[in-house]
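These notes concern the structure reproduced below.
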Amino acid sequence: MDCSLCRAEGERTVWRDGSCRVILVDDADYPGFCRVVWQDHVAEMSDLTAADQRHLLNVVLATETALRQLMRPDKINLASLGNVVPHLHWHVIPRFRDDRHFPQPIWAAPQRETAGREPPRVDTLAVAIVAALTELTAG
């Protein structure tokens, strides 16, 4: 099987544990765009145990929380498609009213030129994700 998410080559890993990893996507139009990738090659959320589903969603929510805190976007888009790469992963995308596609999905036709924002630093984002995960999973 040739799966780009299994190979994990050239990724900017922000955070990882034994089950999943958060990577910062290099996309100048969407700074802060992250993917939360399940380590094992499975296609659907329902392929996971209930505990693994909760863990993965906690990581997605922690990533969203960290991005909201650091970037103050107008909206966060969450998506788990997997039509092109059937390896379980979530897209966590900070959106701004002046980004190229707003209010349309980032895969739609562009509405304007890019706004040119800087992505958060990997180390700063990692600290914020750990803090959010700690808060989400406490008690």
Conditions (1) closer than 15 Å to ARG16 by Cβ; (2) touching a residue at least 60 places away in the same chain (Cβ under 8 Å) -> GLN39 fails only (2)
- Task: Could you tell me whether the stretch 37-48 includes any residue that is exposed (fewer than 13 other Cβ atoms within 10 Å of the Cβ) and in a helix (DSSP H, G or I)?
- Result: yes
Of the candidates ASP99, ASP123, the one satisfying the condition of being farther than 21 Å from ALA62 by Cβ and among the charged types (D, E, K, R) is ASP99
Exactly one of VAL42, VAL85, VAL130, VAL25 is of a type in the set (Val, Ile, Thr) and farther than 18 Å from CYS6 by Cα, and that one is VAL130
Original post:
Does ASP99 fit the bill of being of a type in the set (Asp, Glu), modelled with pLDDT of 90 or more and in contact with a Phe, Trp or Tyr (Cβ under 8 Å, 6 or more places away or on another chain)?
Top reply: yes
Going residue by residue through the stretch 1-19, is there one that turns out to be basic (Lys, Arg), closer than 20 Å to VAL130 by Cβ and modelled with pLDDT under 95?
yes
Taking the stretch 61-99 and the residues there that are closer than 13 Å to PRO31 by Cα and among the hydrophobic types (A, V, I, L, M, F, W, C), the one that is farthest from the chain's Cα centre (by Cα) would be PHE96
Taking the stretch 83-139 and keeping only residues that are within 21 Å of LEU70 (Cα to Cα), aromatic (Phe, Trp, Tyr) and in a loop (DSSP other than H, G, I, E, B), one is left with PHE96, PHE102
Of (1) under 15 Å from the mean Cα position of the chain (by Cα); (2) over 19 Å from LEU125 (Cα atoms); (3) modelled with pLDDT of 95 or more; (4) of a type in the set (S, T, N, Q), GLN53 satisfies every one except (1)
Those residues of the stretch 42-95 that are among the acidic types (Asp, Glu) and in contact with a Gly (Cβ under 9 Å, 6 or more places away or on another chain) come to a total of 1
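Yes or no, residue by residue, for (1) touching a strand residue (DSSP E or B) at 6+ places or on another chain (Cβ under 9 Å); (2) within 21 Å of ALA115 (Cβ to Cβ); (3) not β-branched (Val, Ile, Thr):
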{"position": "ASP2", "(1), (2), (3)": "no, no, yes"}
{"position": "GLU9", "(1), (2), (3)": "no, no, yes"}
{"position": "LEU81", "(1), (2), (3)": "yes, no, yes"}
{"position": "TRP90", "(1), (2), (3)": "yes, no, yes"}
{"position": "ASP98", "(1), (2), (3)": "no, yes, yes"}
Taking the stretch 1-18 and keeping only residues that are assigned to a loop (DSSP other than H, G, I, E, B) and surrounded by 15 or more Cβ atoms within 10 Å (Cβ to Cβ), one is left with GLU11
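The values are calculated or read from the model by the stated rules, or taken from the named source; none is laboratory data. The structure presented is a predicted model; accordingly, all values stated were derived computationally and were not measured. Methodologically, a virtual Cβ is constructed for each residue, glycine included, from the backbone with ideal geometry; neighbour enumeration extends over all protein chains shown.
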